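Everything below concerns the one structure shown next.
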Amino acid sequence: MVEETPWQQALRYANRANPYPFYEELRKTPVARQPDGTYVVSTYREIVALLHDPRVSSDPRKCPVPAAAPAEGSAEAEPIREALTEPNIITQDPPEHDRDRRTMTPHFVGPHHAPHLISDLEPEIRRIVDGLLDGMQGKTRIDAVDDFAYPLPVTVICKVLGVPLEDEPRFHHWIETALDALDFGPEAASEEIRSRRAGGRQAVQEFGQFAAELLDRYADQPGPGMLSAMVNEDGPEGRMSKSVLTSNALLLIFAGHETTVNLIAHSVLTLLRHPEALKTLRRRPELIVTGVEELLRFESSVQFWHTRSAVEAIDVAGTTIPKGAPIFLAYGSANRDPERFTDPDELDLERRNNQHLGFSQGIHFCFGAPLARLEVQIAVGEFVRRVQNPRLVEDPPPYRHNQIFRGPRHVLVDIDGIHD
């Protein structure tokens, strides 16, 4: 039996709750070629360099499918690869990326002379958070995911985009089905994962049809939210094509809540694992801003990204990544790199110069970062302030199958009550 690489071990479901020992081993070889021809980059300095390197493409259409079997992490194991071939701002290179991001940004944050759409959401976010916590009154056990981490960002992104909240159960099912079928590790060849792939592909197709129909409705009858504005308003460089609009709508609905759910859930989990940090934050609530940045570093919502490839040969840390090779950037590993962060496995709510990769860097820096930061600061801050004596019921909690968007499926917490 061939011994698995540290990367393959990190991708196994049994290690989802704690991939960090395998990342530590992986960083000994900053650029590690995998059996399927993928190059995994795991150290902070090298990842940052590649994020700013024009020789690295983000367009999956430029990345060949590795010839190896799905069991070795091949892109054939990805049921949503075909959806990613439709261009959106994550899977585009300049100049198309720059043009489309410039077109979308004013609809999300506001025009350059009044960029306050996100900050204007603060009262609404506080109202939602207060309502969720009020709804826990009288309970002695809560699920920090289902009762708190999920409802907030999905409600907010529906409002921002103009997606009817009553459609949430439908797209939630499609997203969960697609993500549960996504596997880049040794288990990708298992019968269980194979059986999920057809369902994953169908879910992506139905999700895309839903987004296209929503855009068509707004083209016929404009309404509130970003999607309607993108359909009906001309930017300085014109409107995006229907296919690009649909692909970006899918991205915004998905990414607009999925990673924030994981971040809130992991923040609660991490603070309950570190009672001194919880006490500090309760005593000094002003630390929530730097605290959220540290929580972003400590438990990265996006563990790695997988659509990058080399358009030219690139020498990195003594290894040559050949032209055409797929590149995986392991953000979760880089954020624990001791060459960049002092005591990286320690939680420090006052950590300075915390330039983590929780939102990536470079031209693909997370589009929704300002909204995610605001949501998590309010949600975690109010959870710490109002929830009395929270205790973890199960540690580690059960994790979702997906490896990229790593997060707990449930975080059960016993509580003594809710403060006003």
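The values are calculated or read from the model by the stated rules, or taken from the named source; none is laboratory data. None of the values given here were measured: they were computed from a predicted structure. Counting neighbours? That spans all protein chains shown, and the Cβs are built from the backbone with ideal geometry, glycine included. Remember, those area values only see protein heavy atoms, side chains included, never the ligands or the DNA or RNA. Shrake-Rupley method; radii C 1.70, N 1.55, O 1.52, S 1.80 Å.
The figures follow:
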read-out: Kirkwood Rh in Å, taken over region 82-232 so that all alpha-carbon pairs contribute; value: 18.2
read-out: Kirkwood estimate for region 184-280, i.e. one over the average of 1/r between Cα atoms, Å; value: 16.9
read-out: Summed residue charge, Cβ within 12 Å of R308's Cβ, Lys/Arg positive, Asp/Glu negative; value: -1
read-out: Using distinct alpha-carbon pairs, which all enter the 1/r mean, Kirkwood radius of region 244-300 in Å; value: 12.8
read-out: Under DSSP loop assignment and at most 16 Cβ neighbours within 10 Å, longest GluC sites (Glu not before Pro)-free interval of the chain; value: 5-232
read-out: For region 45-56, Karplus couplings with θ = phi - 60° (6.51, -1.76, 1.60), whole Hz, Gly/Pro x; value: 4, 5, 5, 4, 4, 6, 5, 10, 9, x, 7, 9
read-out: Estimated D of region 107-153 in µm² per second, where Rh is the Kirkwood radius over Cα pairs and Stokes-Einstein applies at 25 °C, 0.890 mPa s; value: 197
read-out: Radius of gyration and maximum dimension Dmax of region 235-367, Cα, Å; value: 18.3, 53
read-out: Sequence of S360, S243 when ordered by accessible area, the most exposed leading, probe 1.4 angstrom; value: S243, S360
read-out: Additional length obtainable on full extension of the chain from H173 to R45, 0.36 nm per residue less Cα span; value: 42.3 nm
read-out: In Hz, Karplus ³J(HN,Hα) per residue of region 188-203 (6.51, -1.76, 1.60; θ = phi - 60°; x = Gly, Pro); value: 4, 8, 5, 4, 4, 5, 4, 5, 7, 5, 4, x, x, 5, 5, 4
read-out: Exposed-site-free run, longest, the chain (rule: trypsin sites (Lys or Arg not before Pro); DSSP loop; at most 10 other C-beta within 10 Å); value: 29-351
read-out: Equivalent-ellipsoid semi-axes of region 306-420, from the Cα gyration tensor, Å, largest first; value: 36, 17, 15
read-out: Residue-normalised accessible area of region 192-339, given per residue in Å² at a 1.4 Å probe; value: 39
read-out: Along principal axes, Cα extents of the chain, largest first, whole Å; value: 59, 53, 44
read-out: Distance (nanometres) between label positions extended 7 Å along Cα→Cβ at R284 and A14; value: 4.2
read-out: Surface share of carbon and sulfur [accessible, 1.4 angstrom probe, percent] for the chain; value: 52
read-out: Cubic angstrom per residue, convex hull over Cα atoms of region 186-241; value: 126
read-out: Count, lysine Cα pairs under 30 Å in the chain, 8 or more residues apart or across chains; value: 7
read-out: Helical contribution to [θ] at 222 nm, DSSP H n ≥ 4, -39,500 (n - 2.57), averaged over the chain, rounded to 500; value: -13500 deg cm²/dmol
read-out: The chain, relative contact order in percent, only Cα pairs under 8 angstrom and at least six apart counted; value: 25
read-out: Value of Rg/Rh across region 141-218 [Cα atoms, Kirkwood radius]; value: 1.06
